[in-house]
Amino acid sequence: MDSEALRKYSALHPRPAGLTLQYGTAGFRSKAEQLDHVVFRMGLLAGLRSKAVTATIGIMVTASHNPEEDNGVKLVDPLGEMLHPSWEEYATQLANAEEQELQKVITEICQKAAVNLHKDASVFIGRDTRPSSERLSQSVIDGIQVLGGQYHDYGLVTTPQLHYMVCCQNTQGQYGKATLEGYYEKLSKAFMELIKQGLARSTSLGLDMKPNERCCSFDGDADRIVYYYKDTAGHFHLIDGDKIATLISIFLKELLAKVKQDFKMAVVQTAYANGNSTRYLQETLKVPVHCVKTGVKHLHHKAQEFDVGVYFEANGHGTVLFSKAAETKIRQLVKEEKDNEKREAAKMLENMIDLINQTVGDAVSDMLVIEAILALKGLTVQQWDALYADLPNRLLKIQVADRRVIDTTDAERRALTPPGLQEKIDALVKKYKLSRAFVRPSGTEDVVRIYAEADTQENADALAHEVSLAVFHLAGGKGAPPQPI
Ligand code: NG1
Ligand code: ZN
């Protein structure tokens, strides 16, 4: 390592004294003005990670839906996954190291993670439209260059596009071409073929807008999507990630039944999934559901255990993963199966595999998947919405002195500390019907989140408020106690 270059460049990206940041739910997030040293050091880390795994690593500068003055950085592992959790600790150590200790921390990481500094490093960079993002991605480049790494700056891209590009690069093009054109070509081709197949079967279907028009929105870096519409009475209906997972599961389950393979399918959710979505999936659709901790990396990891793993957070982050064995079998059926119905179903599954971005939840790809399913099944947005009714719910956040006093277990559904909090929540939940509530420290904001659901909106609001008071009193709430909703 060129110690002189490290000293020189780290002095250009100084760490504000006393500032400590944690690698959170989706990397580092903070006010943009506090992040220059972090992104420089994440450039270093990406270089180290690339050397450690002998592959291209991605680095994305974005704070997604957070306010414009915020920013953040997340790393993408070789196959387009989130940075391996074992490296989150190195990321935190590097981000918080005193300047004169940087070299030592790097050497320690190299020892612990068996990094050979003489190896080549290659990093792909992407950023969002925030005013601070361009400057911060320049600092990332400084970090990569200190370690002698190569980089390709894709400039303005969505987070999932960067994940896609990293995966393509490391699979020698097997997943697609590592360019933006390659991404658009792959998705549009699979979408057109999927739709064509359905239209060939029935000419009455299509993408015609119905009276109650469906709309969708993406979040700041296009890795989340939600649908919504206004009904004829003017009421707003939100169709969230849970209902998206449900629609996709229905479609896939039908196709899987037609290809008659013994594929294991499951849905992965978090504690924020609406209770009625879980019930519908388990009881009506008879699909196993698993609950994991908040954050796509946890959902992605769990979904990898199945042949077909559908995962979505209620807020619209999600995708579908197919095991290599299932994918190979499906592609083989398309080529060799004599039975028409079975082969056609396999072909639809094959196009679904190509349309879905398996590296990470991708709003563009998810939208095309949903549009195709609605068209193929001839479903209106109202019919989709009516699959089940969401239980009324309320999500609140409050500030406490130190949110780390809350420790959770059971996929964040129960609080272990502070003492007495879980007992209090249990007692409050008992007061209402169809109720559920939990609290957890946010990984992207300095707040504690409180979630409650119950049989009516009034009850969900009351329960959320009561739980927030308990958190306020038992976990050191800041300022005035939370007010009723
Ligand atoms: P935190 O701030 O840890 O709750 C939020 C979302 C997550 C995930 C991350 C990453 C909720 C309740 N939480 O995490 O689901 O999307 O941001 O962007 O929606
Ligand atoms: Zn996002």
Accessible area (Å², per residue) of the range 3-177, counting only protein heavy atoms and a probe of 1.4 Å:
40 Å²
Out of the total accessible area of the chain (probe 1.4 Å, heavy atoms of protein only), what percent is carbon and sulfur?
52 percent
Rounded to whole Å and ordered largest first, report the semi-axes of the equivalent ellipsoid of the range 40-99 derived from its Cα gyration tensor (root of 5λ).
20, 15, 10
Of all beta bridges DSSP finds with both residues in the chain, what is the antiparallel percent, to the nearest 5?
70 percent
Length gained, residue 434-residue 382, 0.36 nm per residue minus C-alpha separation, equals 16.3 nm
Could the peptides 326-333, 434-441, 140-147, 159-166 be put in order, highest first, of the mean number of other beta-carbon atoms found within 10 Å of their residues?
159-166, 140-147, 434-441, 326-333
With a ≥ b ≥ c taken as the square roots of the eigenvalues of the C-alpha gyration tensor of the range 95-139, please select rounded if a/c is under 1.5 and otherwise prolate if a/b is larger than b/c or oblate if it is not?
oblate
If you take the square roots of the eigenvalues of the alpha-carbon gyration tensor of the range 3-177 and sort them as a ≥ b ≥ c, do you get rounded (a/c under 1.5), prolate (a/b over b/c) or oblate?
oblate
Gain in span if fully extended, residue 342 to residue 119, counting 0.36 nm per residue against the direct Cα distance
75.4 nm
Distance between the C-alpha centers of the range 295-326 and the range 353-389? Whole Å please.
15 Å
Probe 1.4 Å, heavy atoms of protein chains only: per residue, the accessible area of the range 226-310 in Å² is 41 Å²
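Please compute the Kirkwood hydrodynamic radius of the chain from all pairs of different C-alpha atoms, in Å with one decimal.
Details: mean 1/r = 0.0418 Å⁻¹.
After inverting the mean inverse Cα-Cα distance, the result is 23.9 Å.
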Alpha-carbon spread of the range 393-474, three principal axes, descending order, Å:
32, 24, 22
Cα gyration tensor category, rounded, prolate or oblate, for the range 113-174 with a/c compared to 1.5
oblate
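The values are calculated or read from the model by the stated rules, or taken from the named source; none is laboratory data. For clarity, every value in this text was computed on a predicted model and none was experimentally measured. Glycine gets a Cβ as well: all are built from the backbone with ideal geometry, and neighbour counts include every protein chain shown. Ligands, DNA and RNA are excluded from the accessible area calculation, which covers all protein heavy atoms including side chains. Shrake-Rupley method; radii C 1.70, N 1.55, O 1.52, S 1.80 Å.
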